[in-house]
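No lab work stands behind these numbers, since they all come straight from the coordinates. The structure presented is a predicted model; accordingly, all values stated were derived computationally and were not measured. So basically every Cβ, Gly included, is an ideal-geometry build from the backbone, and we count neighbours across all protein chains shown.
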Amino acid sequence: MSVRRLAEDNVQPATFAFNDENAAWAEATIRKYPEGRQQSAVIPLLMRAQEQDGWVTKAALEYVAQKLGMAYIRVLEVATFYTQFQLKPVGTRAHVQVCGTTPCMLRGAEELIKVCKSKIHANPLELNEDGTLSWEEVECQGACVNAPMVMIFKDAYEDLTPTQLEHIIDRFHAGKPHEITPGPQIDRQFSAPVGGPVTLNEDVKPAQKDPEPKSAAEEAASVPPANAGRAVDTAEEADPSIKTPLTDKEGAKRRVKTAQEQPLSATASTPKPDKKSAGSAVEGAPPEPGSVSGDAKPKRTRKKTTPEGDAS
Ligand code: FES
């Protein structure tokens, strides 16, 4: 990462001001932000200043600070942080920013830098002979999938080989950048895999046409009677716990039926009386009222005691 400092004083212009068109644009841009948040316009205003003069001058920083009511140091912090802002004069036709971060470095960024050194200048941020080209190494530009890549002003040129970069630089030098299409320089769709997308390739079904609106009479005829055609799901029958809620009538019928079946099922599940506790009860016979059966505990009777403590 290069150290980012303002240009020497001898190249700094004394003043800066937006031209009429940019001044109107700046006013409209500042108004987009909520009251008290106008300083958020610092990046667009600095970018506009750079587009007007070709680089961000110290006078432009002061002008933007004054316009937004910001401390100068705050504007300087922004301008020196982002490598998109050029702090000294760069090539008038192209400033080539070569990404040198790991993915691009592993995919050949060093070879691209060699091209820049041979075709532009041996040192970064130095102008070529006619002042039209310059270059520098920057950090990740967010196009790692298409490494290696370069940025030239606002456009990215990706999936580069040294030969392709030579061709791109030549086109810019000749003043014919429109002959180069930004983006991947190989047969790749954006950031899709080389050779074409491998997922989400299913044909998209055409959207169904909306049916013609029905007349009121047709609408009335098409309304089914209440509960007509209520499908009985076999899964419902198999598992009552997932049944859909019954109507009041259906629920009442079902409760009556269940109540009628209850004594039979209750008898079937009544445990056999315990011989010991049942005493003389006949095995298999239903327990008599008042008799003790199953796990029921026998009733306790209180013993009467004499004043001497003998049981009577
Ligand atoms: S590493 Fe080069 S674009 Fe991210």
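Condition check for residue 126 on (1) within 16 Å of the ligand (Cβ to nearest atom); (2) surrounded by fewer than 18 Cβ atoms within 10 Å (Cβ to Cβ): one failure, at (1). A count restricted to the range 3-58 and to residues that are surrounded by fewer than 10 Cβ atoms within 10 Å (Cβ to Cβ), of a type in the set (D, E, K, R) and closer than 22 Å to residue 131 by Cα stands at 3.
Residues in the range 56-77 include none that are within 16 Å of the ligand (Cβ to nearest atom), out of contact with any Asp or Glu (no Cβ under 7 Å at 6 or more places or on another chain) and of a type outside the set (D, E, K, R). Remark: pairs (first residue in the range 89-103, charged (D, E, K, R); second residue away from the ligand (no atom under 16 Å from the Cβ); Cβ separation under 8 Å; 6+ apart in sequence or on different chains) = 93/132; 93/133; 93/172; 93/173; 93/175; 93/177. If I ask for residues that are among the hydrophobic types (A, V, I, L, M, F, W, C) and under 20 Å from residue 47 (Cβ atoms), which ones from the range 136-165 would you list? If the condition is that a residue be among the hydrophobic types (A, V, I, L, M, F, W, C) and under 20 Å from residue 47 (Cβ atoms), then 138, 140, 143, 150, 151, 152, 153, 156 are the ones that fit.
Out of the residues in the range 135-145 meeting the condition of being in contact with a helix residue (DSSP H, G or I) (Cβ under 9 Å, 6 or more places away or on another chain) and of a type outside the set (D, E, K, R), tell me which one is farthest from residue 82 (Cα to Cα).
145
Per the conditions (1) within 16 Å of the ligand (Cβ to nearest atom); (2) basic (Lys, Arg); (3) farther than 30 Å from residue 4 by Cβ; (4) without any contact (Cβ under 8 Å) to a residue 24 or more places away in the chain, the sole criterion not satisfied by residue 188 is (4).
Among the residues of the range 46-73, those that are in contact (Cβ under 8 Å) with a residue 12 or more places away in the chain and touching a Leu at 6+ places or on another chain (Cβ under 8 Å) comprise 46, 55, 56, 58, 60, 61, 64, 67, 68.
Across the range 129-141, the qualifying residues are those that are within 16 Å of the ligand (Cβ to nearest atom) and not β-branched (Val, Ile, Thr), and the one among them that is surrounded by the most Cβ atoms within 10 Å (Cβ to Cβ) is 135. If you go through the range 87-119 and pick out every residue that is aliphatic (A, V, I, L, M) and either out of contact with any helix residue (DSSP H, G or I) (no Cβ under 7 Å at 6 or more places or on another chain) or within 13 Å of the ligand (Cβ to nearest atom) (or both), you end up with 7.
Tally up the residues in the range 142-161 that are near the ligand (Cβ under 9 Å from one of its atoms) and among the β-branched types (Val, Ile, Thr), please. Counting residues in the range 142-161 that are near the ligand (Cβ under 9 Å from one of its atoms) and among the β-branched types (Val, Ile, Thr) gives 1.
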